[in-house]
Amino acid sequence: MTLYQSESPHAFAYLAEKSVAEYYMKNGAQVESLGFHTYRYATDFIARTPEESIAVGIRSLSSKTLSIMRIDKPVMLITSFIEHENIDRGEIVVVLRDNLDGIKKPRFIHRLEQFRSELSHKITIRFGIINEDDEFELVEL
């Protein structure tokens, strides 16, 4: 039996948010919905542990269109959010819709390392994929 899998970016974005939230919960965090419109702050939810609170913003992108410019604005927005809401730190989680080819290129890795070096210590950029079990898998870069 073949299962239906939508190619819609919106359907994948929903799956990405759900899978990333479940990933944080599996790793001991309590995930809280914000209860208000968050495009202004690029934040999808707050992950809380006994030690800290993390504003999490999820971006579902294709590796073909991935660039630092696609990550720059969400980083600025989540930085503003954690300052205004007294959150310990922020994480932008980029979930790739296709393969890892785009993020494994030396040119992208170099630009990412340079971009990360300029970030506040309170901001982290993470990358991952959705595996065949619809679970988020972190990819270390």
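Quick one: GLU17, GLU132, fewest Cβ neighbours within 10 Å first, how do they rank?
By the 10 Å Cβ count, ascending, the order reads GLU132, GLU17.
Springs between alpha-carbon pairs under 10 angstrom, Gaussian network model over the chain: which of GLU113, GLU32, GLU22 fluctuates most?
So, out of GLU113, GLU32, GLU22, the one fluctuating most is GLU113.
With the chain treated as a Gaussian network of Cα nodes joined by springs under 10 Å, which of LEU77, LEU100, LEU34 yields the largest mean-square fluctuation?
Highest fluctuation among the options: LEU34.
What list of ³J(HN,Hα) values in whole Hz, one per residue of the range 56-63 in order, does the Karplus curve 6.51 cos²θ - 1.76 cosθ + 1.60 (θ = phi - 60°) give from phi, with Gly and Pro shown as x?
After applying 6.51 cos²θ - 1.76 cosθ + 1.60, I find 10, x, 10, 10, 9, 9, 8, 5 Hz.
Around THR124, which amide H atoms from residues at least 5 apart in sequence, or from another chain, sit under 5 Å from its own amide H, with H modelled in the peptide plane?
Distant-sequence amide H within range of THR124: GLY90, GLU91, ILE92.
Pop out the ³J(HN,Hα) list for the range 77-86 in order, Karplus 6.51 cos²θ - 1.76 cosθ + 1.60 with θ = phi - 60°, rounded to Hz; leave Gly and Pro as x.
Calculated HN-Hα couplings, in order: 5, 5, 4, 4, 4, 5, 5, 6, 9, 6 Hz.
Could you work out the relative contact order of the chain, using alpha carbon pairs under 8 angstrom and six or more residues apart, expressed as a whole percent?
Averaging sequence separation for qualifying contacts and normalising by length gives 22 percent for the chain.
Which three numbers, in whole Å and largest first, are the semi-axes of the equivalent ellipsoid of the range 47-105 derived from its Cα gyration tensor as √(5λ)?
Computed over the range 47-105, the values are 26, 13, 7 Å.
Spin-label point model (7 Å from Cα, Cβ direction): what's the LEU34 to GLU132 distance in nm?
Distance between label points: 3.6 nm.
Need the list of lysines near LYS105 for cross-linking: C-alpha distance under 27 angstrom, and skip anything on the same chain fewer than eight residues off.
Excluding near neighbours in sequence, the set is LYS64, LYS73, LYS122.
Under 19 Å Cα-Cα from LYS26, which lysines qualify once same-chain neighbours fewer than 8 residues away are excluded?
Cα-Cα hits under 19 Å: LYS18.
Given springs between every Cα pair under 10 Å in a Gaussian network model of the chain, which of THR124, THR49, THR65 has the largest fluctuation?
THR65
Using the Cβ atoms and a cut-off under 12 Å, what net charge is assigned to the surroundings of ILE109, where Lys and Arg are +1 and Asp and Glu are -1?
Once positives and negatives cancel, what remains is +3.
Counting only residues 5 or more places away or on other chains, whose amide H sits under 5 Å from the amide H of SER60 once H atoms are built in the peptide plane?
Amide H neighbours of SER60: VAL95.
Through the Karplus equation 6.51 cos²θ - 1.76 cosθ + 1.60, θ set to phi - 60°, convert the phi angles of the range 114-125 into ³J(HN,Hα) values in whole Hz; use x for Gly and Pro.
5, 4, 4, 5, 8, 6, 4, 5, 8, 10, 10, 10
Report the full-extension gain for the segment HIS110 to GLU85: residue separation times 0.36 nm, less the Cα-Cα distance, to one decimal in nm.
5.8 nm
Laboratory data are not the source of any read-out in this text; all were calculated from the coordinates shown. On a predicted model such as this, the values are computed, not experimentally measured, just so you know. Counting neighbours? That spans all protein chains shown, and the Cβs are built from the backbone with ideal geometry, glycine included.
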